[in-house]
Amino acid sequence: MRVSNLFGTTRRSVPGDDLASHQFLLRAGFLQQLATGLYSLLPLGWRTEQKIRAILREEMNAIGGQELFMPVVQPADIWQKSGRWNSIDQVLLRFQDRRGRDMALALSHEEVVADLTAANVSSYRDLPRIVYQIQTKFRDEARARGGLLRTREFSMKDAYSLDRDQAGLQSAYVAHFRAYFKIAARAGIPVAAVLSDVGVMGGHLAHEFIYLNDAGEDTLVFCDTCGYAANQEVAETQLPEPETEKEGELEEVATPGAVTVAELSAFLKVDPSRVAKSVAFMAEVERGQPARMVLALVPGPAEVNLARLRSATGAVELRPATSDEIVRAGGVPGYMSPRGLAAEAATVVVDETLGRRRNLVTGANREGWHLRNFNIARDCQQVKITRLAAAENGDPCSNCGSPLRIRRGIEYGNIFQLGTDYSTSLGALYDDEAGEQQPVVMGSYGIGVGRLFACIAEEHHDERGLTLPLAVAPFAVALISVGQEEAVGQLAEASYQQLCDAGIEVLFDDRVASPGVKFADADLRGMPLRITVSPRSLQAGGAEFKRRLGEARIVARKSILEEVKAELEDLRRQEVDRVQTQMAPVEALIAQTFTGGA
RNA sequence: CGGGGCGUGGUGCAGGGGUAGCACGCCACUUUUGGGAAGUGGAGGUCGGCGGUUCAAAUCCGCCCGCCCCGACCA
């Protein structure tokens, strides 16, 4: 491809304060935004996308996946059968066709797979199977953000395993677990697998595949000692031993102006963890029903884990209460507590850690006053005690007690053990050897292609632009001619032809432009190998070779082709080595993750 | 959905009641050619939309739309 013929231009500047990598993708002419959460991939971006897709296909095929293709526009009835028509709200985009039939844009394809399975699987002899596709999904996100990280329309590689029993599912799950590490390694990003919430997918066991990065939206919990890794939403921590200290007498203490946990603990000179913090939420238990107040009590430094609060209360909708709502329920903002609050005013849920502590500090529900020697069992009636606090940095690992570490990351893939919910509701049954009908046991396995793309760009850029691995770079070689000298033009053209003929992907900057512009654009686009033909290089005997992340050297004009081949072969070998290195610990990890568990 | 910000040539921005500007890009010619060249000449904008105030609105007011950020939300 000649730059003079390329659709899409580089830009000197773009607005916004996105991730640096996303700005480079925009500036290099890989992407262009159409509207919130909707992006076009320009030719350069599309080439990279296709290389990522090729890796996905190869690794899915390698575990026995069969590619197919399912509609994005789907009739409501399969979503009604699975129950998700009602259980998912606004992210599922609904509309009607001309006949007034309810339709939806697929945000995932479990229903269709179950429907296909019902029609195509009838015997245990038809199992196991793995099918997958790379297809558009649409999720009408409340707020798209972060460039490619959270878009509304996006491509996903989604795979589905069909098995006759849990043992079969388990082995498909492990195969995907391994394949996802391989994909990350080939795409050139580090990856961590963490236990995750099953969310609206339903099912039992789930893992997320995370690219660790401070800009990520997800909060992960790691134990460096035993290897425990989980999304904060589901991370377990060790409970403290129940305290046996004598219960003191409940007393009010004046705490003027001490509204936050920090102020309060400083004022009363108690450890913040001994403060029972009350956080008020409004919970909608059934869609459309009036919200009820839920008071969550957690240790002072802790955050409320919304996933747990949701499951503890059965809420479908959960949001922080406003001051007005707190007052209306009879609470005093800043001094809130379950004490002195009418039982019918709010549901109270207490973190189990607090249940094991004695003589805590909590609000008095009176402006300027708190309570001392507060003991849950004695001083609160009608409370539900459960795990509620999100794991914090330094909390003891539930496995081994070592301090946990909190990190941020970007989730680009996930795997779910779905079980039989979808197959049962959509009639995906098979006959076993005894002729008994059984539901097919399903798993579902997604990778967001755009997110993976974004993660790759984030991992591979420097101050000048992208530095993509050969495996995903839109072109292997950036060829640049400098100046208008005839000899330069001749060698550049000849090299371009020669390389193209050899099947090497070359982006030839044949424009009449100053060298600075060409070098800057080549750096921005990030092709792994740059070849410059210039009066200076001719003087030195040929062309200049420079890796995007390496030093320049002169190559004789007669050996350009073979040297390019050697360079690319070397880059390829480095990437293979890197994949091997990255995969080395994975088997041990799999053994550790799946023995005795799940 | 709450809070904040921004919509002005292709891109990035300034202007803030009276002639619509700058830089980059683009077109033509000339000179240049190893890190985003120089000169000369040119093209390109119903100032997001609708309504209002005014002799006069890009500018003031109202409503709407779009985009961005924070939060809520989130396979």
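Here is a yes/no grid of residues against (1) away from RNA strand B (no atom under 16 Å from the Cβ); (2) not small (Gly, Ala, Ser):
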position	(1), (2)
A:Glu505	yes, yes
A:Ser514	no, no
A:Asp521	no, yes
A:Val533	no, yes
A:Gly542	no, no
A:Lys558	yes, yes
A:Glu575	yes, yes
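Could you list, in sequence order, all residues of region A:304-346 that are of a type outside the set (A, V, I, L, M), open to solvent by 50 Å² or more (accessible area, probe 1.4 Å) and away from RNA strand B (no atom under 11 Å from the Cβ)? Spell out how you get there, then give the answer.
In the first step, residues of region A:304-346 are kept if they are of a type outside the set (A, V, I, L, M); the result is A:305, A:308, A:310-311, A:313-314, A:317, A:319-320, A:322-325, A:328, A:330-331, A:333-335, A:337-340, A:344.
Among the residues that remain, those that are also open to solvent by 50 Å² or more (accessible area, probe 1.4 Å) are: A:310-311, A:317, A:319-320, A:322-324, A:328, A:333, A:339-340, A:344.
Across region A:304-346, the qualifying residues are A:Ser311, A:Ser323, A:Asp324, A:Arg328, A:Pro333, A:Arg339, A:Gly340, A:Glu344.
Collect the residues in region A:156-168 that are buried (at least 17 other Cβ atoms within 10 Å of the Cβ) and either within 11 Å of RNA strand B (Cβ to nearest atom) or in a loop (DSSP other than H, G, I, E, B) (or both), keeping them in residue-number order.
A:Met156, A:Lys157, A:Asp158, A:Ala159, A:Tyr160, A:Arg164
Of all residues in region A:453-493, which are part of a loop (DSSP other than H, G, I, E, B), crowded, with 24+ Cβ neighbours inside 10 Å and of a type in the set (S, T, N, Q)?
none
Is it the case that region A:587-598 has a residue that's under 23 Å from A:Thr9 (Cβ atoms) and in a helix (DSSP H, G or I)? Break it down stepwise before answering.
Keep residues of region A:587-598 that are under 23 Å from A:Thr9 (Cβ atoms), which gives none.
Checked against the condition, which is being under 23 Å from A:Thr9 (Cβ atoms) and in a helix (DSSP H, G or I), region A:587-598 yields no hits at all.
Mind telling me which of the residues A:Gln32, A:Gln80 ends up being open to solvent by 60 Å² or more (accessible area, probe 1.4 Å), of a type outside the set (A, V, I, L, M) and in a helix (DSSP H, G or I)? Full working, then the answer.
On the way: A:Gln32 fails: in a helix (DSSP H, G or I).
Step by step, each of A:Gln32, A:Gln80 is checked, and only A:Gln80 is open to solvent by 60 Å² or more (accessible area, probe 1.4 Å), of a type outside the set (A, V, I, L, M) and in a helix (DSSP H, G or I).
Each row is one residue, and each column tells you yes or no for (1) in contact with a Leu (Cβ under 7 Å, 6 or more places away or on another chain); (2) farther than 28 Å from A:Ser82 by Cα; (3) free of Cβ contacts under 8 Å to residues at least 40 places away in the same chain; (4) away from RNA strand B (no atom under 16 Å from the Cβ).
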{"position": "A:Val131", "(1), (2), (3), (4)": "yes, no, no, no"}
{"position": "A:Gln135", "(1), (2), (3), (4)": "no, no, no, no"}
{"position": "A:Glu141", "(1), (2), (3), (4)": "no, no, no, no"}
{"position": "A:Gln170", "(1), (2), (3), (4)": "no, no, no, yes"}
{"position": "A:Ser196", "(1), (2), (3), (4)": "no, no, no, no"}
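For A:Leu529, are the conditions met, namely being more than 6 Å from RNA strand B (Cβ to nearest atom), among the aliphatic types (A, V, I, L, M), surrounded by fewer than 15 Cβ atoms within 10 Å (Cβ to Cβ) and under 19 Å from A:Arg572 (Cβ atoms)? Working first, answer last.
Working: more than 6 Å from RNA strand B (Cβ to nearest atom): yes; among the aliphatic types (A, V, I, L, M): yes; surrounded by fewer than 15 Cβ atoms within 10 Å (Cβ to Cβ): no; under 19 Å from A:Arg572 (Cβ atoms): yes.
When the stated conditions are applied, A:Leu529 does not pass them.
Quick check on region A:1-18: of everything there that is aliphatic (A, V, I, L, M) and surrounded by fewer than 20 Cβ atoms within 10 Å (Cβ to Cβ), which residue is nearest to RNA strand B (Cβ to nearest atom)? Give the derivation first.
Initially, region A:1-18 is screened for residues aliphatic (A, V, I, L, M), giving A:1, A:3, A:6, A:14.
Filter again for surrounded by fewer than 20 Cβ atoms within 10 Å (Cβ to Cβ), leaving A:1, A:6, A:14.
Details: A:Met1: 17, A:Leu6: 12, A:Val14: 6 Å.
Here the residue is A:Val14.
Counting just the residues of region A:35-56 that are within 9 Å of RNA strand B (Cβ to nearest atom) and either in contact with a strand residue (DSSP E or B) (Cβ under 9 Å, 6 or more places away or on another chain) or assigned to a loop (DSSP other than H, G, I, E, B) (or both), which one comes out most open to solvent (accessible area, probe 1.4 Å)? Let's see the steps before the verdict.
The initial filter retains those residues of region A:35-56 that are within 9 Å of RNA strand B (Cβ to nearest atom), namely A:35-38.
Checking which are either in contact with a strand residue (DSSP E or B) (Cβ under 9 Å, 6 or more places away or on another chain) or assigned to a loop (DSSP other than H, G, I, E, B) (or both) leaves us with A:36-38.
Values: A:Thr36: 81, A:Gly37: 6, A:Leu38: 40 Å².
Here the residue is A:Thr36.
Looking at (1) assigned to a helix (DSSP H, G or I); (2) open to solvent by less than 40 Å² (accessible area, probe 1.4 Å); (3) hydrophobic (A, V, I, L, M, F, W, C), find the lone condition where A:Val517 falls short.
(2)
What number goes with the only condition from (1) more than 8 Å from RNA strand B (Cβ to nearest atom); (2) surrounded by 15 or more Cβ atoms within 10 Å (Cβ to Cβ) that A:Lys546 does not pass?
If we test A:Lys546 against (1) more than 8 Å from RNA strand B (Cβ to nearest atom); (2) surrounded by 15 or more Cβ atoms within 10 Å (Cβ to Cβ), just (1) comes out false.
The values are calculated or read from the model by the stated rules, or taken from the named source; none is laboratory data. No experiment lies behind these values; they were computed from the predicted model shown. Backbone-built Cβ (ideal geometry, glycine too); neighbour counts: all protein chains shown. Note: areas computed on protein heavy atoms with side chains; ligands, DNA, RNA excluded. Shrake-Rupley method; radii C 1.70, N 1.55, O 1.52, S 1.80 Å.
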